[in-house]
Amino acid sequence: MEVVSTKAELRRRLDEARAAGRRVGLVPTMGALHDGHLSLVRAARAECDVVALTIFVNPLQFAAGEDLDAYPRPLERDLDLAEQAGATIAFTPTVEEMYPRPAATTVHVAGLTASMEGAARPTHFDGVTTVVAKLFTIAGPCRAYFGEKDFQQLAVVRRMAADLDQPVTVVGCPIVREPDGLAMSSRNVYLTAEERSVATVLNRALHAGAALVEAGERDPGTVAERMAAVIGDEPRARLDYAEVVDPDTLERPARLEPGSTVRLLVAAGLGTPRLLDNLAVLVP
Ligand code: PAF
């Protein structure tokens, strides 16, 4: 695996790969890699000849008071894991390389960013779409792999790529979970042992919601209330939202139509971190 830290070098290598007829995969990350990220690298490697994993803790997507400085940055470990999983290039730019001067141009995806994570973190998605748009521009035509764990982010990036005609196919990959069901996240390291022992409450809430749909409930509001109640029953968890949405528009449907697939999403604070989880449900 080659490690490159300038935009020009990454662009040159990926241009050369495409010129040689090789398919390019891009895996944007902020590092602190876990099995979820590595599953993205493996998915990319199965479909592409060259896999560029990017490691960049993007200041633009952190608000004041969030964990930008504390965000884990185990670079050497990340590089080893990325190489073992099949990445062929690691892109590790500095903040100065990515943002040589304060950006006067940012990317905003309207609508999809207004609810859920966007409501909880109002400046977050503009930071994500701005850096991902830059990475897409630097990388050029490719397949780009994102985890479904950040389902709203995936929908927002998909919409951005479509609206801006970016030459990138956005690929969503399934959530990777710990054996007890907790969705893997770089922020799980912030959980104390006690918080970790109750962190599965998010996954339990999703399954309670899914069970209601499978038992015939067709009112999304009732399903959302059930999920909220499960999280509300855990005294250490601070419910942020419980939602039932169309997977493309992220809007709550009026009714759950048989044969449609909806996405259940929950977020809750547990000690320091906010945890997110989601589940696809086919309405019977
Ligand atoms: O999901 C993440 O790790 C980040 O939001 C991303 C997509 C790498 C942009 O910084």
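The values are calculated or read from the model by the stated rules, or taken from the named source; none is laboratory data. Here the structure is a predicted model, which is why all the values come from computation and not from measurement. Don't worry about glycine lacking a Cβ; one is built from the backbone with ideal geometry, like all the others, and counts go over all protein chains shown.
I want to confirm something. Restricting to the stretch 266-284 and keeping residues that are modelled with pLDDT of 95 or more and not in a strand (DSSP E or B), which single residue is surrounded by the most Cβ atoms within 10 Å (Cβ to Cβ)?
Once the filter is applied, the top-ranked residue is VAL283.
For ALA224, indicate whether it is crowded, with 19+ Cβ neighbours inside 10 Å and part of a strand (DSSP E or B).
Working: crowded, with 19+ Cβ neighbours inside 10 Å: yes; part of a strand (DSSP E or B): no.
No; evaluated as a whole, the condition is false for this residue.
Scan the stretch 128-135 and tell me whether some residue there is among the basic types (Lys, Arg) and farther than 14 Å from THR29 by Cα.
Restricting attention to the stretch 128-135, the residues satisfying the condition of being among the basic types (Lys, Arg) are 134.
Now drop any that are not farther than 14 Å from THR29 by Cα, which leaves none.
Taking every residue of the stretch 128-135 in turn, none turns out to be among the basic types (Lys, Arg) and farther than 14 Å from THR29 by Cα.
This table checks each residue for (1) surrounded by 17 or more Cβ atoms within 10 Å (Cβ to Cβ); (2) touching a helix residue (DSSP H, G or I) at 6+ places or on another chain (Cβ under 7 Å); (3) modelled with pLDDT of 95 or more; (4) within 30 Å of ALA17 (Cβ to Cβ).
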| position | (1), (2), (3), (4) |
| --- | --- |
| GLY140 | yes, yes, yes, yes |
| PRO167 | no, no, yes, yes |
| GLY181 | no, yes, yes, no |
| MET184 | yes, yes, yes, yes |
| VAL213 | yes, yes, yes, no |
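As an exercise: evaluate VAL95 against (1) within 15 Å of the ligand (Cβ to nearest atom); (2) surrounded by 14 or more Cβ atoms within 10 Å (Cβ to Cβ) and give the number of the one condition it does not meet.
(2)
Within the stretch 23-69, work out how many residues are part of a loop (DSSP other than H, G, I, E, B), touching a residue at least 60 places away in the same chain (Cβ under 8 Å) and more than 14 Å from the ligand (Cβ to nearest atom).
Qualifying residue count, the stretch 23-69: 2.
Taking the residues in the stretch 1-22 that are assigned to a loop (DSSP other than H, G, I, E, B) and closer than 25 Å to THR94 by Cβ as candidates, determine which candidate is nearest to the ligand (Cβ to nearest atom).
SER5
Let me spell it out: the conditions are (1) more than 23 Å from THR192 (Cα to Cα); (2) in contact (Cβ under 8 Å) with a residue 24 or more places away in the chain, and GLU234 meets all of them except one. Which number is the exception?
It fails just one condition, (1).
What do you reckon, is GLU76 surrounded by fewer than 19 Cβ atoms within 10 Å (Cβ to Cβ), within 22 Å of VAL41 (Cβ to Cβ) and either modelled with pLDDT under 95 or not hydrophobic (A, V, I, L, M, F, W, C) (or both)?
Taking the combined requirement at face value, the residue satisfies it.
Could you identify the single residue in ASP15, ASP69, ASP49 that is within 22 Å of CYS173 (Cα to Cα), at pLDDT 95 or above and out of contact with any strand residue (DSSP E or B) (no Cβ under 6 Å at 6 or more places or on another chain)?
Result of the check over ASP15, ASP69, ASP49: ASP49.
The conditions are (1) loosely packed, with under 14 Cβ neighbours inside 10 Å; (2) touching a Lys or Arg at 6+ places or on another chain (Cβ under 7 Å), and ILE89 fails exactly one of them. Which is it?
(1)
Among the residues of the stretch 187-206, count how many are in contact with a helix residue (DSSP H, G or I) (Cβ under 9 Å, 6 or more places away or on another chain) and surrounded by fewer than 19 Cβ atoms within 10 Å (Cβ to Cβ).
Total meeting the criteria: 3.
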